[in-house]
Amino acid sequence: MEIDLGQTMRTRDVDEIKELADHVPHFTVAEAAIIQTIINRGGMAYGLEITDIPRGTVYVTLQRLESRGILTSFKEDSETGRGRGGQVRQYQIVPPWDVRFEVWVQLGRFFKRNIR
């Protein structure tokens, strides 16, 4: 989804832009990498599928995102999921966080291109 912020943002003055930015969620690099991976995998992923950041960071960040209400998780038997026996945990992005994340990405691109 490509959001055209060009016209909208150019017509706003600096105070309006700052006010808008106050309502945009903030994500760390690790959070952004995890959310993007989950979105790229159709909105669901196992923790072991997230390989863009160090393993020790993955589960701490997943727990933080879950506590913020951005992700939800559930356990399933490894016969239906991935793994070798026992249960595995699958993480899912909670709507509308997929859209909010995309807006955050697009705003970042806009500011990088237009604000110097």
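Before moving on, here are some points about what is shown:
- Amide H within-cut-off set for Val94, under 5 Å, with H built and near neighbours excluded: Leu71, Thr72
- Taking Cβ atoms as reference points and 10 Å as the exclusive limit, the residues near Ala30 contribute a net charge of -1, counting Lys and Arg as +1 and Asp and Glu as -1.
Each reported figure results from applying straightforward, stated rules to the coordinates on display, with no laboratory input. Given the structure is predicted, the values throughout are model-derived calculations rather than measurements. Please note: Cβ atoms are built from the backbone with ideal geometry, for glycine as well, and neighbour counts cover all protein chains shown.
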